[in-house]
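Below is one structure, written out as structure tokens, with a few remarks after it.
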Amino acid sequence: MLGRRVTLAASAARSLSTVRTFATAAPVSSTSPSHKVVVIGGGTAGLAISHQLLRSGKFAQNDIAVIDPALWHHYQPGWTLVGGGLKTREELRQPLHGLIDPKIKFYNESVGAFAPEENYITLANENKVSYEHLVVAPGITVDFGTIKGLTEALEAPDSGVSSIYTYDTCAKVFPTIEKLQKGTAIFSQPAGVIKCAGAPQKIMWLALDHWKRAGLYDPSNPAGSPIHISFATGLPTMFGVPKYSAKLEELRKERAVEGLFQHDLVAIEGNTATFARPDGKEKVTKQFDFLHAVPKMGPPAFVKNSALANEAGYVNVDDATTRHKKYANVWSAGDASSLPTSKTTAAITAEAPVLVRNLLQSMEGKELDATYDGYTSCPLLTEYGKVLLAEFKYGGEPKETFGNWFGIDQANPRREFYYLKKHFFPWVYYQSMVKGTWAGTKGWLN
Ligand SMILES: Cc1cc2nc3c(=O)[nH]c(=O)nc-3n(C[C@H](O)[C@H](O)[C@H](O)COP(=O)(O)OP(=O)(O)OC[C@H]3O[C@@H](n4cnc5c(N)ncnc54)[C@H](O)[C@@H]3O)c2cc1C
């Protein structure tokens with residue numbers, strides 16, 4: 001039973017009086033469809049949640065609907081492996097339609113607007129769909145426009161500029177790494193929230209290892225090496241969790257990578273990158289021969305501009321229950337949610353069972369009794385064959401699976417974790433997670 005696998009905590013119970021109560025959904029008009037649960041987004045969170053709901057056995061044909069305009073579903077964590085020349089982007093995607101159980105109604109459409117007071121959403125084609133419960137999981141938007149000149153530089157085949165952050169751009173990364181024989185390589189990370197905050201440096205560690213093996217970079221003699229490597233991050237440290245940040249900073253120094261902290265890439269012109277500095281400090285410009293760029297990301301406009309959003313534009317849900325703070329029949333998990341944790345697939349393995357349990361409890365008029373503790377994970381590739389497996393919860397507190405089982409310190413990169421990242425996670429994702437049978441560290445769901 002799904003319910004038995006999630007963390008049950010009476011302290012997480014939230015009384016219905018703290019949020020707005022709602023009426024049973026009626027169709028907006030006699031011709032508009034209505035569902036018990038409408039899930040916006042057929043990405044990682046949307047697929048895991050809709051299929052976990054279905055597997056509860058409490059829903060009939062078309063009781064659950066998924067709405068998503070995409071033709072393809074992508075295993076995005078694999079794009080780092082594509083950038084490192086370890087996988088192809090094609091092997092990491094599947095047609096979205098084929099991943100949705102036939103008992104679930106699939107609208108291959110985009111959602112344009114919410115009407116949470118009336119319990120319906122409006123599609124981009126103007127049709128309305130009513131719901132009893134709404135799950136909002138449309139992910140976040142990768143906005144290349146936040147860096148002047150980036151879109152053009154990515155499109156130019158010989159620019160030396162690439163990014164693992166989208167399907168369209170990730171195929172250019174490894175050929176660009178291979179092509180560099182000498183000069184300055186810069187890897188950027190923006191200030192602010194992004195998907196998988198470790199990915200901008202994962203691709204750097206792989207590139208460094210590639211150049212080292214090719215005899216183009218010697219960490220013990222950086223000045224005498226043909227390639228010079230810089231990590232330019234808008235953040236003040238290597239990583240948000242002190243324990244892992246300390247280890248990564250140690251690696252950075254050991255490997256003689258220049259650290260440009262609080263350097264936020266804002267523009268690219270030819271081979272010049274411009275970085276904004278905090279507190280009105282002068283902008284800094286750097287010449288590059290290779291640039292791996294990561295732009296700013298944020299909530300999709302239709303969420304940001306809606307009544308569901310918090311001040312930052314994310315779906316405003318309770319940190320523990322995943323239920324909306326104002327609308328009791330609205331839920332959110334994944335990147336679009338306000339859950340204050342690192343935005344990862346790993347986080348969704350823990351969020352989805354909590355959301356599903358609480359939504360089912362709510363449907364039956366019972367108290368919400370499942371709690372999300374902020375669990376998330378980041379398998380940090382530190383070279384070919386090794387991964388530092390960061391696992392932590394709210395407050396940046398480590399919550400290590402293998403540390404607990406085998407007394408391993410997960411801050412030390414290991415070969416076993418590399419196999420998890422390269423082989424096991426992509427496999428279990430399509431084999432189980434999108435089908436609603438994988439809860440990460442809690443194992444398989446029935
Ligand atoms: C380069 C990279 C590396 C990563 N590495 C890791 C890693 O190592 N480990 C890890 O755990 N995570 C990693 N992640 C993060 C992980 O992929 C995301 O956190 C996860 O996919 C988020 O799931 P989601 O369902 O919230 O959003 P998504 O999976 O992005 O899905 C959102 C869905 O919503 C749909 N949608 C958008 N707008 C609308 C609309 N208006 N109406 C209806 N549907 C809409 C989209 O088409 C999409 O299908 C990485 C991500 C990237 C890009």
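Any read-out appearing in this document is the output of simple, stated calculations on the displayed coordinates, not a laboratory observation. No experiment lies behind these values; they were computed from the predicted model shown. Virtual Cβ from ideal backbone geometry, glycine too; neighbours counted across all protein chains shown.
Quick check: residue separation of Ser56 and Glu269 times 0.36 nm, minus the Cα distance between them. What number comes out in nm?
Result for the pair: 71.3 nm of gain on full extension.
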Exercise. Report ³J(HN,Hα) in whole Hz for each residue of the stretch 186-197, in order, from the Karplus equation J = 6.51 cos²θ - 1.76 cosθ + 1.60 where θ = phi - 60°; Gly and Pro get x.
Key: 10, 10, 10, 9, x, 6, x, 7, 9, 5, 6, 4
Quiz item: Got a sec to turn the phi values of the stretch 327-338 into Karplus ³J(HN,Hα) couplings, 6.51 cos²θ - 1.76 cosθ + 1.60 with θ = phi - 60°, whole Hz, x for Gly and Pro?
Solution: 9, 5, 9, 10, 9, 8, 8, x, 4, 6, 7, 7
Quiz item: If you take the Cα atoms of the stretch 144-296, find Rg, then find the Kirkwood Rh from the mean of 1/r over all pairs, what is Rg/Rh?
Solution: 0.93
Quiz item: If you take the beta carbon distance between Asn310 and Ala223 as r and set R0 to 51 Å, what does 1/(1 + (r/R0)^6) give as a FRET efficiency, to the nearest 0.05?
Solution: 0.60
Quiz item: Amide H neighbours of Lys343 under 5 Å, counting only residues 5+ apart in sequence or on other chains, H built in-plane at 1.01 Å?
Solution: Cys196, Ala197
Practice problem: Excluding residues fewer than 8 places away in the same chain, name every one of the lysines whose C-alpha is closer than 20 Å to that of Lys58. | Solution: Lys36, Lys103, Lys105, Lys366, Lys435
Quiz item: Between Gly298 and residues 5 or more places away or on another chain, which pairs have amide H atoms under 5 Å apart, with H built 1.01 Å from N, and which residues are they?
Solution: Thr141, Asp143
Practice problem: Among Thr371, Thr272, Thr80, determine the one that fluctuates most according to a GNM of the chain built with springs between C-alpha atoms less than 10 Å apart. | Solution: Thr272
Quiz item: Where both residues lie in the stretch 144-296, what percent of DSSP beta bridges are antiparallel, nearest 5?
Solution: 35
Quiz item: How about Lys286: which aspartates and glutamates have a C-alpha closer than 17 Å to its C-alpha, ignoring those fewer than 8 places off in the same chain?
Solution: Glu258, Asp264, Glu269
Quiz item: For the Cα atoms of the chain, what angle does the longest principal axis make with the long axis of helix 345-363, in degrees from 0 to 90, nearest 10?
Solution: 10
Self-check item: 3J(HN,Hα) from dihedral phi, the stretch 423-429, Karplus parametrisation 6.51/-1.76/1.60, rounded to Hz, x for glycine, proline
Solution: 10, 5, 4, x, 5, 5, 4
